[in-house]
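Encoded as structure tokens, the structure appears first; notes follow it.
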Amino acid sequence: MSRGEPLRLERLCKQYGSVQAVHEMSVQIEAGEFVSFLGPSGSGKTTTLMMVAGFETPTAGQIFVGGRPITRLPVHKRNIGVVFQNYALFPHLSVFENVAFALKMRGVSGTELRAGVTEALTLVQLSEYEGRMPHELSGGQQQRVALARALVFRPGVVLMDEPLGALDKQLREYMQLELKRLQKSLETTTVFVTHDQSEALTMSDRIVVMNEGKIEQIGTPEEIYETPQTRFVASFIGESNFLDARFVGKTDHGLLLDVAGLQVRATWQGSECQTGPATLMIRPEKVVPLAEGLRADNEFEGVVEEAVYRGSIVKCQVRLCAALPVILTIAVAYRASSPRFKVGEKVRIGWDARDGRLLSGGANGPSQSVPENHEAEPALLRVTSAADRMAILPS
Ligand code: ADP
Ligand code: MG
């Protein structure tokens, strides 16, 4: 199957009555790239995808595939494959006929049709199931049929809207790897919609973080996690400590901040505001216990207020000795051989200046809000690599 084509959205807008579902969305997606649109429910992901696929008409803006404007082309002339969350297979058609449908729509017949369908079903490892009906397949198999149908006409771009959302966790993780493997080998340009941060981090070359119809940030998974540009991104992807901070000055090495009377060093990252309210952001796994002799740019004494065993890590709340209460959530790598963090214990903890980011706005500002039932699992991402830096204070 042929390689994908670049996809470009230019100031794409969609208005439903008074609702601005998508606002001035601009993004360039390269040929063969896997890009996720990640955002909470209602952030405009599906609307954007439907406009690209041709099922919705943009209020304003343009869409280009391979440099050609497609904004006004009908669905079947766009050379775009689509996979929906609910599979949308035709229940009365066999696996073969479901896949063949996409080719017939485009005027393919005879031996070319049979060869195309066979190739697509082989790709998704379902060639032996071509005679089955959708209800005779598992969820994962049905989703693979939907994928074969989206790929069979060799589209320049494939769009997937939460395609794995209906599968259970284990199958979903298996399909993530399968999908990624297939996408890599075919070099299909893929736009993958999800509200699941770990899915986006695992699968994407780049992530477009969306909020209220707008792009918050575009970057590689590492950029999005390590250097979030906004408070929304920092709280939607992974978990963070947010502390009210006041800019004190610049030093040779970075920023000097005041956090509840404590002096804190952070790294200069360019766009921070030096006046007005600001927030210091620190990932829990960046704060490490400092054993005898270990140093960090920021070192504090604290008292463990809570310690919860979470498998690979122990999640702790540590109250820093400061004029105002400062409580940090920290994630300590768990080793059976290490002494545990115990509630009530005094500990020395620290983090490097480069691990603290200054964001504009106060720590309790409205942008702190994270959608309900958003369970962040940040520590699991980094904690293994950080494990060797971590040591626990002897009691
Ligand atoms: P997401 O896929 O990120 O959950 P959607 O693109 O489905 O978000 O929705 C974005 C916003 O547009 C929401 O506020 C939603 O209620 C609104 N919306 C979506 N489709 C329609 C529609 N057909 N009519 C009116 N409002 C819509
Ligand atoms: Mg949606």
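The values are calculated or read from the model by the stated rules, or taken from the named source; none is laboratory data. None of these values were measured; they are calculated from a predicted model. As a convention, Cβ positions derive from the backbone with ideal geometry for all residues, glycine included, and neighbour counts pool all protein chains shown. Heavy atoms of the whole protein, side chains included, go into the accessibility calculation; ligands, DNA and RNA do not. Shrake-Rupley method; radii C 1.70, N 1.55, O 1.52, S 1.80 Å.
Counting heavy atoms of the protein chains alone, PHE247 has an accessible area of about 40 Å² for a 1.4 Å probe. If you look at the Cα atoms of the chain, you get an Rg and a Dmax of 24.7, 79 Å.
Label sites at THR275 and ARG3, each approximated as a point 7 angstrom past Cα along Cα to Cβ, lie 5.2 nm apart. Mind checking the angle between helix 110-123 and the chain's longest principal axis? C-alpha axes, 0 to 90 degrees, to the nearest 10. Once rounded, one gets 20 degrees. Since only GLN15, GLY156, LEU182 are under comparison, the one whose Cα sits farthest along the positive direction of the charge dipole of the chain, derived from C-beta charges on Lys, Arg, Asp and Glu, is GLY156. Modelled this way, with points 7 Å down the Cα-to-C-beta line, the labels at LYS77 and GLN28 are 2.7 nm from one another.
Under 13 Å of direct C-alpha separation, and excluding same-chain neighbours fewer than eight residues apart, LYS315 reaches these aspartates and glutamates: GLU239, GLU285, GLU305, GLU306, GLU377.
Between PHE101 and ARG114, what is 0.36 nm times their sequence separation minus the Cα-Cα distance? Round to one decimal in nm.
Values: separation 13, 0.36 × 13 = 4.68 nm, distance 1.13 nm.
Net length gain for the segment: 3.6 nm.
Residues whose amide H lies under 5 Å from that of SER26, counting only those 5 or more places away or on a different chain, are ARG11, LEU12; hydrogens are built 1.01 Å from N in the peptide plane. Across the alpha-carbon set of region 1-124, the Rg to Rh ratio works out to 1.00, Rh being the Kirkwood radius.
Here the Gaussian network model covers the chain, with springs between Cα atoms less than 10 Å apart; of LEU126, LEU171, LEU38, LEU171 fluctuates the most. Only helices enter the 222 nm calculation for the chain: every DSSP H run of n ≥ 4 contributes -39,500 (n - 2.57), and dividing by all residues gives -7000 deg cm²/dmol, rounded to 500. Stretched out straight at 0.36 nm per residue, the stretch from ARG132 to ARG295 would grow longer than its current Cα-Cα span by 52.3 nm. For VAL19 and THR202, what is the calculated FRET efficiency with R₀ set at 45 Å and r taken between the beta-carbons, to the nearest 0.05? That gives a FRET efficiency of 0.90.
Provide TRP268, TRP351 ordered by accessible surface of protein heavy atoms (probe 1.4 Å), highest first. Please list the in-between numbers first.
On the way: TRP268 80, TRP351 5 Å².
In descending accessible area the options line up as TRP268, TRP351.
For the chain, set up a Gaussian network in which alpha carbons nearer than 10 Å are linked by springs, and say which option among PRO74, PRO228, PRO277 fluctuates the most. Among PRO74, PRO228, PRO277, the largest mean-square fluctuation in the Gaussian network model of the chain belongs to PRO74. In a Debye calculation with equal point scatterers on the alpha-carbon sites of region 7-225 and no solvent, what is log10 I(q)/I(0) at q = 0.14 Å⁻¹? Here log10 of I(q) over I(0) equals -0.84. At the residue level, HIS23 shows approximately 70 square angstrom of accessible surface with a 1.4 angstrom probe and all protein chains present. Under 28 Å Cα-Cα from LYS250, which lysines qualify once same-chain neighbours fewer than 8 residues away are excluded? Hits, sequence-local ones excluded: LYS286.
Against the chain, whose longest principal axis comes from its Cα atoms, helix 169-186 is set at around 60 degrees.
Summing +1 for each Lys or Arg and -1 for each Asp or Glu among the other residues whose beta-carbon sits under 14 angstrom from that of PRO74 gives +3.
Note on the chain: with neighbouring protein chains present and a 1.4 Å probe, carbon and sulfur make up 50 percent of its accessible heavy-atom surface.
Between THR220 and LEU93, what is the FRET efficiency for a Förster distance of 30 Å, r being their Cβ-Cβ separation, to the nearest 0.05?
Working: r = 40 Å, r/R0 = 1.34.
Result of the calculation: an efficiency of 0.15.
Looking at the chain only, what percent of DSSP beta bridges run antiparallel? Nearest 5 please.
Just about 75 percent of them are antiparallel.
The alpha-carbon atoms of region 80-151, seen along their principal axes, cover 29, 25, 22 angstrom, with the largest extent given first. Under a Gaussian network description of the chain, with springs only between Cα atoms under 10 Å, the residue in GLY249, GLY110, GLY32 that fluctuates furthest is GLY110. Note on region 7-225: lysine pairs with Cα distance below 24 Å, sequence gap of 8 or more or different chains, count 11. Once the Cα-Cα distance is subtracted from the 0.36 nm per residue extended length, the ASN86 to ARG319 segment shows a gain of 79.2 nm.
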